[in-house]
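Structure first, commentary second.
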C-alpha cells in the first residue's frame, strides 16, 4: 500500500505562483497544480494539515483548495481521464510541481503501512465510510481517512461520496455486482445476518392457494408481560404444539393462560360436535378449523386434529426446542427515492427476496410505474417493521409485500398488511351492524 507520498490537484493560488516562480508560466488561463508531496518528515511526523472538506495547509502556512488527493501518480492520471474531471476542468492547464525530498523508505512509513493494513483487516462490512450507507456497486473507492477532523482510518466509499481530502488508494472491486446491479447500495452483510433467523411467517403464507393474501400483523412492540405460563395443545397423533406469537412461545400470567385454554377447549369441543374439528396443518403448522384450512391449503398438507389444550409452566428448555425465529416478519427490503420510501398509489411496496427485485421492477415498468434513481434499504427487525407500518397506515398508506400488478393496474399478487387492532375494529363494526 502506497503511504509515502500524496499527489494532489489544487486550484490556482497566487502564493504558489510566487513560491515556485510560476507567475508567467501560463498566461491568461485557468490553472490546476499537480503537486507531489512527501507525508512524513525525518522524525516521522505528518506536517501536512488537511481539513474537511477540501483544504490543505502546507508547512509554510500556505492554504490550498483541493480538487483531488491520491496515493499514486496513476490515481491522478485516472482522475484526469475521468468524465467528472473533463466536465469541470477540460479548459484548465495542469502545472506539475515535483518534490526534491529523499525517495528512500523510512521506518515510519512501514509502521503507518502496517497500521492501515490492520485497519483494513478489521473491516467486517460494506458500508460507506462517508455516508454510512451500504455499498453494492462495482466501482467504489478504497480511501485512507487522514485529516484533522477525523481519526485515522481506511475504508470504502461510493464514488459520489468522495470529498477532496479523502486520500484515494484505488478502486474497490465487487465481482458479484455485475449480475445484481439493480441492488443499489444494498447492505448484503446485514441481510445475511438477519435472514438466518427471520421471515418465519412467510413459510406458511407461500403455500396458500390465493395469490393475494392478507397478512395480519401484531404491532405490539412492548413485551411487558413475561408470564411464567404457556399453553400446550395435544394433537391426535400424540404430538403437541405450543401457542406462539411471532414464531416464539407466547408467555402468559396464570389467569390469562387459564382463560385462553378454556377458550381453546370450547372451540375444540364445538368443532368436534359440528364435525369441523380444530386442526394444525402438518407442514406449515397453520391453526384453524378443518374447512378453513382445506379452502386455504387444498390437498398440499394433512390436517391433525387438536384434542385438548392445557396450561403448563414456562421454562427455557421448552423455548429452545420450540422457538422458531428471532424475527417473524423481517428482514424486508424497500426502495428509497430522494431519501424517502417509495410510495405507489398510496401503497408501500416491500419485498422478501432481494435477488428477485428486478422481476418486480420489470412488472412495475409494464404498468407504467417507472423507477430510475433509487436505493435499496432494509427493515432489519420486527420492531422497526411494526413502527414503520403503523406510521404509514396512520397516513392512509397500505404496506403490501411482494406486490405485483396486472395489466389494468390491479393487484394480482402480494401480502396485504393489516394490523391486529385494525381487524378487531372491523370485526366490532360488523357485529354492531348485525
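Values computed for the structure shown
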item: Relative contact order for the chain, counting Cα pairs under 8 Å that sit 6 or more residues apart, in percent; result: 14 percent
item: Computed label-point distance, nm, for sites residue 21 and residue 197 using a 7 Å Cα→Cβ extension; result: 7.2 nm
item: FRET efficiency, 1/(1 + (r/R0)^6) with R0 51 Å, evaluated for residue 36 and residue 322 via beta carbons; result: 0.15
item: DSSP beta bridges in the chain [antiparallel fraction, %, rounded to 5]; result: 80 percent
item: Full-extension gain in nm, residue 367 to residue 262, via 0.36 nm per residue minus C-alpha separation; result: 32.7 nm
item: Relative packing of peptides 88-99, 291-302 - highest average C-beta neighbours within 10 Å first; result: 291-302, 88-99
item: Degrees between helix 382-393 axis and first principal axis of the chain (Cα, 0 to 90, nearest 10); result: 90 degrees
item: The chain - mean residue ellipticity at 222 nm from DSSP helices (-39,500 (n - 2.57) per run, n ≥ 4, rounded to 500); result: -8000 deg cm²/dmol
item: Average Cα contact separation per residue, the range 256-358, under 8 Å, 6 or more apart, as relative contact order %; result: 19 percent
item: Approximate spin-label separation residue 149-residue 211, in nm, with each point projected 7 Å along Cα-to-Cβ; result: 5.2 nm
item: Cα-based helix-to-principal-axis angle, 254-273 vs the chain, degrees rounded to 10; result: 60 degrees
item: Principal-axis tilt of helix 420-433 within the chain, Cα atoms, nearest 10 degrees; result: 40 degrees
item: Förster radius 51 Å - calculated FRET efficiency between residue 254 and residue 358 (Cβ-Cβ, nearest 0.05); result: 0.45
item: Residue 235-residue 433 pseudo-label distance in nm [points 7 Å out on the Cα-to-Cβ vector]; result: 3.7 nm
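None of the figures in this text is laboratory data; all of them are computed from the coordinates on show. Predicted model only: the values in this text are computed from it and were never measured. Positions of Cβ are generated from backbone atoms using ideal geometry, with glycine treated the same way; all protein chains shown enter the neighbour counts.
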